[in-house]
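Here's the structure we're looking at; comments come further down.
The values are calculated or read from the model by the stated rules, or taken from the named source; none is laboratory data. Note that this is a predicted model, so its numbers are computed, not measured. Cβ placement follows ideal geometry from the backbone for every residue including glycine, while neighbour counts extend to all protein chains displayed. Surface accessibility is based on the protein's heavy atoms, side chains included, excluding ligands, DNA and RNA. Shrake-Rupley method; radii C 1.70, N 1.55, O 1.52, S 1.80 Å.
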Amino acid sequence: MAISRKVKKALEGASWVRRMFEEGEELKRLHGAENVFDFSLGNPNLEPPSSLKKALKDLADQPIIGMHRYMPNSGYSETRKAIAQYLVEESGLPFNENHVVMTVGAAGGLNVTLKAILDEGEEVVVPSPYFMEFKSYIENCGGEIRLVDTNEDFSLNIGKIEKAIGKKTKAVLINSPNNPTGVVYDERSLEKLGELLKSKSRELGKTLYLITDEAYRRTVYDGVKIPIHFHYYPHTIRVTSHSKDLSLPGERIGYIAVSPLCEDTEELISALIFANRTLGFVNAPALMQRLVAPLQKNSIKIRDYEEKRDLFYNGLKSFGYHLVKPQGAFYLFPKAPIEDDVAFVKELQSKRILVVPGRGFGKPGYFRIAYAVDTKTIEGALPGFKEVAEKYGLKGE
Ligand SMILES: Cc1ncc(COP(=O)(O)O)c(C=O)c1O
């Protein structure tokens with residue numbers, strides 16, 4: 001075989017999420033899909049808003065001439081204007097359409113951002129546990145990931161971030177609400193992070209970027225107000241998408257928003273647009289850009305996810321599992337009752353329950369549950385979680 005050594009190595013360390021998903025397909029073949037409780041993949045089970053479906057139908061019935069053609073690499077002006085308007089209302093900062101670049105999902109947006117800012121061998125500091133794809137995205141762009149542990153409750157450990165920042169650092173990448181923990185970083189920790197980045201930028205004599213992956217920004221519970229990350233550090237780049245808030249992951253629509261307070265905004269945005277073009281995305285999907293523009297304040301019924309979280313969290317707690325109550329996203333990240341998370345995940349598989357070992361997110365000894373599934377799948381799985389908890393001597397509350 002003549003594939004690249006780098007890719008070969010990456011393939012050998014294949015994603016645990018994908019591995020579990022594939023094992024799940026085999027279990028489903030053996031037992032029937034309805035008898036397998038699959039919590040492996042974060043794939044929203046809710047349908048997009050009906051207004052989006054209506055707009056799609058209207059567009060098909062009354063097509064706009066040229067609606068399938070190439071466009072500026074940053075995306076349609078109308079869509080970027082609508083997003084900028086939303087950002088102005090949200091943040092009070094003077095965003096305009098030029099601060100927004102439409103991307104092929106948040107994944108595309110992250111690759112574009114990293115490509116635009118990284119030189120070979122530069123480091124991106126990432127709090128862990130973390131979304132494993134970050135490592136590939138950073139390496140795609142010639143960079144290196146520098147992981148730092150979070151605290152016991154998965155909040156940011158500013159001291160550890162401080163120690164990790166050095167001459168090679170180019171950016172810190174945070175993800176809040178977080179995949180896999182569901183944790184939302186609070187105002188206090190963001191203030192400290194902002195202060196740290198300012199002082200480190202001065203000390204190193206260069207501007208460090210804060211990249212915020214906000215793919216789950218609107219997926220928050222308990223009335224939590226997620227802080228506006230732009231307020232804590234001027235050189236902030238938000239990357240997000242409508243994969244989760246409008247349930248459109250297959251449609252690949254997202255955007256990058258550069259803070260108007262960021263240094264050399266014009267040059268940075270030109271670099272982002274260049275990367276969007278030359279990474280081969282060219283532009284974000286045209287049809288989706290039109291459809292999401294008027295839906296900036298809409299989202300699917302987040303309350304549905306909140307109910308699932310409560311059902312799952314309360315169930316697991318009552319069986320004696322140790323876990324942090326997530327305030328957002330649609331994941332739970334409990335501690336495995338035995339050290340070996342892979343062995344524990346296998347044990348759950350014997351009950352036809354599919355989850356992902358914590359080592360798939362840089363945190364062995366834990367496991368991830370993606371609960372954007374039908375409620376009956378959660379109800380069906382809880383007795384299996386209880387049996388396994390009893391086997392390992394967990395004491396319910
Ligand atoms: C933390 C995080 N970032 C980015 C993505 C990618 O999102 P998108 O589908 O918008 O590319 C995901 C998808 O699950 C995610 O969990």
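See the values below:
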item	result
Cα-only Debye scattering, the range 271-315: base-10 log of I(q)/I(0) at q = 0.14, 0.16, 0.29 Å⁻¹	-0.63, -0.68, -0.97
Cα-based reach from K225 at 22 Å (exclusive), listing lysines while leaving out same-chain residues under 8 positions away	K192, K244, K297, K301, K308, K325
Counting DSSP beta bridges with both ends in the chain, the antiparallel % (nearest 5)	45 percent
For the chain, the Rg and Dmax computed from alpha carbons only, in angstrom	21.3, 66
Within the accessible area of the range 1-97 (1.4 Å probe), percent carbon and sulfur	56 percent
Debye log10 I(q)/I(0) at q = 0.20, 0.24 Å⁻¹ for the range 310-392, Cα point scatterers	-0.88, -1.34
Cross-link pairs beyond the 28 Å C-alpha cut-off, checked among K160/K198; K135/K391; K160/K391	K135/K391; K160/K391
Convex hull of Cα atoms in the range 95-138, direction-averaged projection (nm²)	4.0 nm²
The range 78-230: C-alpha gyration tensor shape, a/c 1.5 cut-off, then a/b vs b/c	rounded
Distance (nanometres) between label positions extended 7 Å along Cα→Cβ at N96 and K395	6.5 nm
17 Å reach of a label modelled at A60, 7 Å along Cα-to-Cβ, counting backbone N of the range 278-306	286-292
Residues of the chain: accessible area per residue with a 1.4 Å probe, Å²	45 Å²
For the chain, calculated [θ]222 nm from helices alone, where every DSSP H run of n ≥ 4 adds -39500 (n - 2.57)	-13000 deg cm²/dmol
Selection of trypsin sites (Lys or Arg not before Pro), the range 1-109, meeting DSSP coil and at most 10 other Cβ within 10 Å	R69
Gain on full stretching of the segment that runs from D153 to R19 - 0.36 nm per residue minus C-alpha separation	45.5 nm
Calculated on alpha-carbon atoms, Rg and Dmax of the range 219-305 in Å	15.1, 42
Exposed-loop-free span, longest in the chain, where chymotrypsin sites (Phe, Trp or Tyr not before Pro) count as exposed if DSSP calls them loop and at most 15 other C-beta atoms lie within 10 Å	71-391
Inter-centroid distance (Cα atoms) of the range 261-278 relative to the range 299-325, Å	40 Å
The range 72-121 - Debye-derived log10 I(q)/I(0), Cα point model, q = 0.22 Å⁻¹	-0.84
